[in-house]
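Contents: one structure, followed by commentary.
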């Protein structure tokens with residue numbers, strides 16, 4: 001199966017998943033805690049519903065693949081897989097559990113077990129009909145229309161989002177604090193995959209995540225969508241492997257001058273540029 005056909009199939013799967021998730025929420029069952037996922041977070045009924053529906057849909061599309069998911073971790077499906085599928089059944093579970101309408105479902109596709117091997121991504125907004133996707137080298141799209149990042153090049157004109165969680169990863173707030181007095185506006189929205197799609201379509205100008213603050217399953221689909229829409233992204237730490245759930249930090253910005261200005265103020269360590277294969 002070629003990547004275009006696979007992506008079309010994944011988009012269909014996520015439309016079905018969105019429908020099942022909303023049905024689960026409307027029934028009142030979706031927000032119940034039913035266990036712990038592979039990432040260590042509480043699993044809501046709606047997480048399980050989404051995960052089960054995604055896995056079934058992917059197995060209908062592909063006979064063989066590797067799957068890395070927030071709920072089940074890393075598994076091999078079939079006897080001879082060549083693609084790695086990175087799934088976050090619900091990104092923004094806290095928002096969802098409180099009824100805040102900002103959550104998403106994401107799937108990234110890689111031809112190698114590393115971040116640099118990404119070749120496609122899909123992110124579906126749970127609370128709207130908006131679906132974002134990209135294929136490496138072909139640009140990024142929202143509902144079939146090509147999208148592009150903004151041209152904002154100065155921090156004083158930029159609207160950006162940050163991810164901080166002092167309880168889980170102390171130090172993140174101090175790492176991004178220098179940005180608060182320099183930028184036009186800072187937002188904390190709660191679904192990094194969807195935030196990266198907002199960057200891709202020019203609604204915001206940068207996404208800033210301190211080291212070890214998000215899981216690879218949360219971010220990878222959004223990272224390649226933003227990159228294909230023109231964003232520049234650098235990430236921190238060792239090369240992210242797609243065979244286990246790992247945490248990373250990154251800065252994704254609409255322009256190189258804006259990225260450089262953010263880097264000069266945050267000074268995150270071990271920066272590497274995300275550069276998917278051509």
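Below is a table of values for the structure above.
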read-out: Burial ordering of 132, 235, fewest other beta-carbon atoms within 10 Å first; value: 235, 132
read-out: C-alpha center-to-center spacing [region 74-118, region 193-211] in angstrom; value: 17 Å
read-out: Anisotropy class of region 3-147 from Cα gyration tensor, a/c 1.5 cut; value: oblate
read-out: Cα-based helix-to-principal-axis angle, 45-61 vs the chain, degrees rounded to 10; value: 70 degrees
read-out: FRET efficiency, residue 145 to residue 60 (Cβ-Cβ, R0 25 Å, nearest 0.05); value: 0.35
read-out: Rh by Kirkwood over Cα pairs, then Stokes-Einstein D for region 68-217 at 1.306 mPa s and 10 °C, µm²/s; value: 95 µm²/s
read-out: Scattering curve values for region 155-273, log₁₀ I(q)/I(0), Debye with Cα scatterers, q = 0.20 Å⁻¹; value: -1.08
read-out: Full-extension gain in nm, residue 114 to residue 165, via 0.36 nm per residue minus C-alpha separation; value: 15.8 nm
read-out: Linear extension gain, residue 264 paired with residue 177, 0.36 nm per residue minus alpha-carbon span; value: 30.0 nm
read-out: Gaussian network model of the chain, springs between alpha carbon atoms under 10 Å - residue of 139, 181, 172 with greatest fluctuation; value: 181
read-out: Helix axis angle, 216-228 relative to the chain longest principal axis, alpha carbon, degrees; value: 70 degrees
read-out: Region 232-253-region 126-154 distance, computed between alpha-carbon centres (Å); value: 21 Å
read-out: Ellipticity estimate at 222 nm from DSSP helix runs (n ≥ 4, -39,500 (n - 2.57)) divided over the chain, nearest 500; value: -10000 deg cm²/dmol
read-out: Shape of region 62-105, Cα gyration tensor, a/c cut at 1.5; value: prolate
read-out: Selected from 44, 96, 188 as most flexible by GNM, with the chain as the system and alpha-carbon contacts under 10 Å; value: 188
read-out: Listed residues 104, 24, 150, most fluctuating in the chain (Gaussian network, C-alpha, under 10 Å); value: 24
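Just so you know, all these numbers are worked out from the coordinates, no wet-lab data involved. This is a predicted model, so every value here is computed, not measured. In this analysis, Cβ positions are derived from the backbone assuming ideal geometry, glycine residues included, and neighbour counts consider all displayed protein chains.
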